[in-house]
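*Asks:* Sharing a structure with you now.
The values are calculated or read from the model by the stated rules, or taken from the named source; none is laboratory data. Model, not experiment: these values are computed from the prediction. So basically every Cβ, Gly included, is an ideal-geometry build from the backbone, and we count neighbours across all protein chains shown. For accessibility, only protein heavy atoms count, side chains too; no ligands or nucleic acids. Shrake-Rupley method; radii C 1.70, N 1.55, O 1.52, S 1.80 Å.
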Amino acid sequence: MSRIKPKRIVDLSKEIVDNPNDPFFMRVKIKHHGHRKARWLVRALGLPFRLFPKDFAGWADDTITRMGVHSTTHIDAPWHYGPELSDGRRPATVDEMPLDMCFGPGVVFDMRHKADGDEITVADMEQSLRDSGATLGEGAIALIHTGRDRLQGSKDYWKRGTGMSAPATEWLIDKGVMVMGIDQWGWDLPFHHQIRASKEKNDAKSILAGPSRRPPQALLANGAIARPRATAKSWLRRGDFSAPLERRIRRAGARRRISL
């Protein structure tokens, strides 16, 4: 079988790095191990130093001691949004999600014009689709391009952004889209915008309106999934075979935890 080789592969993953600007719940801690330490490991396993190859300097390695999934590009399983579906069934965890859902034709929705705190509506989605000339169908992956990836590494990254409204999310689902991705910190409006709207309207439906209405298969990212058992979220390596949406990422140490 001949190997399929895309013309261009663009890495869309958020870098894994210890960033002091991240809030405490997003901080990453990486311990780097130099080459010399591996020499002592090999010696402890029984090989005398005199038998080491002359050019053997050892292996550099890294240990990630702390990394929440919101620190990286990640995927949300239905279990993340609650322990029970509307029909009483238990929602799926990450390890129960089929991998083939995460591969398909991507459709980009350009939402860079949306201001911080301004929710994305159905009309916005319809206009973007008309402007691009793209079509949606079963198996398509919707990619919401907000441009907020430029804030990665800054203190404002998790506080600024637009967000998908519940009707806009349901519009995608009605079109047959079951996998959705976005280039900002979260799918919905930043949390402080939701809190303010809920207080102003004195309406509990104004908070977390998007997640509560998503069906069992509506995931919020695309790519290759790490599959920890019975979890609500997972790290993933996200790639695109066409045009870039986010900046290329830098390597954080000698090895990557989620290079799948």
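*Asks:* Could you name the aspartates and glutamates whose alpha carbon sits less than 19 Å from that of LYS155, not counting residues in the same chain fewer than 8 places away?
*Replies:* GLU15, ASP18, ASP22, ASP116, ASP183, ASP188, GLU246
*Asks:* What is the set of long-range amide H partners of TRP59 at a cut-off below 5 Å, with H atoms built 1.01 Å from backbone N?
*Replies:* Excluding prolines and chain starts, which carry no amide H, the hits are ALA38, ARG39.
*Asks:* Sticking with this one: What full-extension length gain, to one decimal in nm, is calculated for ASP131 and ARG196 as 0.36 nm per residue of separation minus the Cα-Cα distance?
*Replies:* Gain on stretching ASP131 to ARG196: 20.1 nm.
*Asks:* Give me the Kirkwood hydrodynamic radius of the range 1-94 in Å, from all C-alpha pairs, to one decimal place?
*Replies:* Final number for the Kirkwood radius of the range 1-94 is 18.3 Å.
*Asks:* While we're on this one: For the range 5-94, calculate the relative contact order in percent as a whole number, restricting contacts to Cα pairs under 8 Å that are 6 or more residues apart.
*Replies:* 30
*Asks:* Sticking with this one: With every protein chain left in place, what is the accessible area of TRP158 in Å² (1.4 Å probe, nearest 10)?
*Replies:* Surface open to solvent at TRP158 totals about 80 Å².
*Asks:* Let me ask something additional. Net charge near HIS192: determine it from the other residues with C-beta under 12 Å of the C-beta of HIS192, scoring Lys and Arg +1 and Asp and Glu -1.
*Replies:* +1
*Asks:* Something else about it: So which trypsin sites (Lys or Arg not before Pro) in the range 83-169 pass both tests, a DSSP loop state and at most 16 other Cβ atoms within 10 Å of the Cβ?
*Replies:* Answer in residue order: ARG89, ARG112, LYS155, LYS159.
*Asks:* Listed highest first by mean packing, meaning other Cβ atoms within 10 Å per residue, what order do 47-58, 62-73 come in?
*Replies:* In decreasing order of mean packing, 47-58, 62-73 become 62-73, 47-58.
*Asks:* Cα-Cα over 30 Å: which of LYS114/LYS199; LYS29/LYS201; LYS7/LYS159; LYS159/LYS205; LYS14/LYS114; LYS114/LYS205?
*Replies:* Table pairs above 30 Å Cα-Cα are LYS29/LYS201; LYS7/LYS159.
*Asks:* Additional query: Expressed in whole Å with the largest first, what are the equivalent ellipsoid semi-axes of the range 43-174 derived from the C-alpha gyration tensor as the square root of 5 times each eigenvalue?
*Replies:* Square roots of five times the eigenvalues give 42, 22, 17 Å.
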